[in-house]
Amino acid sequence: IDSGRHFLSVPEVLLVLDGMAASGLNVLHWHLTDSQSWPWRSKSHPELIQGAYRSDLTYSRADLDLVVAYADDRAIRVIPEIDLPGHAAAAGVGRPDVIVDCSPDDATPIYDGSYQSPSLLDPTKNETYALLDDLFGELASILPGGAIHLGGDEVQIGCMNSSAALRERMETLGYNTSCPPGPNGANPCADGGPGFKKLVGDFVVRAQTLAKAHGFSSVGNWQEVFDHYGEGAATPTPPIDGLDPNTVLYAWLAPAWGWGNPATMAAAGFRVVSTLGLYVSSSQDNTDWQSYYSSVHPLASATTNTSDPGFYNVTDPQDVSRVLGGEACLWGETAGASDFSVKIWPRA
């Protein structure tokens with residue numbers, strides 16, 4: 001569930017958990033924050049709540065404790081996600097010092113047509129990592145020995161290239177700031193210069209290290225850490241240099257687009273969660289639900305093994321053991337309190 005786009009109250013989150021328990025589902029991946037809002041009322045950094053929609057549309061420590069305890073009673077594991085370094089513009093309302101603020105020319109619609117700010121956490125500043133260290137420590141006290149998701153998706157490298165101050169700090173730190181030419185006069189780093197991708201990769205590794213130092217037993221990231229930010233200009237790239245081999249990779253990009261897929265991730269030794277074909281909130285690609293789930297995303301594009309689509313041609317027994325399962329995502333761009341239940345449980 002995604003409370004960074006449309007806020008879900010605690011009773012509504014508990015209702016999701018009730019439905020999960022009735023359906024035998026055992027993991028709640030909670031996308032807590034995003035560019036649109038920061039609803040988590042952190043005790044260590046109360047200034048971040050300035051990025052919430054309103055002061056009453058927030059989660060206190062007591063709220064998070066209640067959700068975790070309620071889930072525990074139903075044998076459900078809660079995995080909070082703090083998406084970073086992208087999807088972080090709301091954090092910049094309270095902490096503008098740790099944000100790369102993009103020029104207006106780069107604030108263009110993302111793939112689904114929404115006008116989400118491409119601003120991101122600044123990977124060159126020690127203050128950024130000090131903030132994350134505090135936040136991870138706070139979450140670890142709520143979920144001791146638990147799991148955490150650190151995002152890593154859709155980092156707008158064009159935004160990074162648009163900041164002269166960031167490029168200057170990169171050069172001071174020894175990063176290459178050259179960029180390949182962009183199509184039709186576009187931002188020349190829109191598809192990723194080598195130094196910018198390395199900076200993102202180093203950020204991901206450092207964030208993982210901080211989270212593990214606080215005792216998290218499992219760290220997850222979206223699949224871009226596997227196929228977007230590694231060395232080289234090929235698509236897909238190799239995994240990030242230094243990526244934790246125990247990272248849980250969340251597959252979401254249709255393999256037909258040329259990126260990784262659950263089979264290649266598992267074969268590389270990573271544990272995998274697949275969200276392919278399970279975006280229960282989506283209506284942007286099709287208005288025909290049957291067509292959406294039977295042909296567009298993911299069966300026709302992701303696999304030829306239609307007898308077992310959930311594993312996407314993962315057939316080696318050792319690789320199959322690394323596929324932890326599937327995840328149905330209720331993204332919040334077009335789903336909120338008024339319709340979340342019918343979208344998650346359309347036949348209930």
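Annotation: E171 carries an accessible surface of approximately 110 Å², with a 1.4 Å probe and no ligand, DNA or RNA atoms counted. Take the alpha carbon atoms of the range 34-95, find their center, do the same for the range 1-19, and report the distance between the two centers in whole angstrom. Cα centroid of the range 34-95 versus Cα centroid of the range 1-19: 12 Å apart. Against the criterion of solvent-accessible heavy-atom surface with a 1.4 angstrom probe, R74, R206 sort, most first, into R206, R74. Each residue, A69 and T334, gets one label point 7 Å from its Cα in the Cβ direction; the gap between the two is 3.9 nm. If you sort R347, R271, R5 by accessible surface, 1.4 Å probe, largest first, the order is R347, R271, R5. Computed on protein heavy atoms with a 1.4 Å probe, the accessible areas place T275, T124 in the order T124, T275, largest first. Note on K212: aspartates and glutamates with a C-alpha under 18 Å away, same-chain residues under 8 apart excluded, are E81, D83, D133, D134, E138, D202, D241, D244.
Accessible surface of E224, taken over heavy atoms with a 1.4 Å probe and every protein chain present, rounds to 0 Å². For K197, a cut-off of 17 angstrom between C-alpha atoms picks up these lysines, skipping any fewer than 8 places away in its own chain: K125.
Over the range 142-254, with the other protein chains present, what is the accessible area per residue in square angstrom, probe 1.4 angstrom?
Details: 4430 Å² over 113 residues.
Spelled out: the 1.4 Å probe surface of the range 142-254, per residue, equals 39 Å².
The values are calculated or read from the model by the stated rules, or taken from the named source; none is laboratory data. As the structure is a prediction and not an experimental result, all values here were calculated from the model. Positions of Cβ are generated from backbone atoms using ideal geometry, with glycine treated the same way; all protein chains shown enter the neighbour counts. Please note that ligands, DNA and RNA were not included when accessible areas were found on the heavy atoms of the full protein model with its side chains. Shrake-Rupley method; radii C 1.70, N 1.55, O 1.52, S 1.80 Å.
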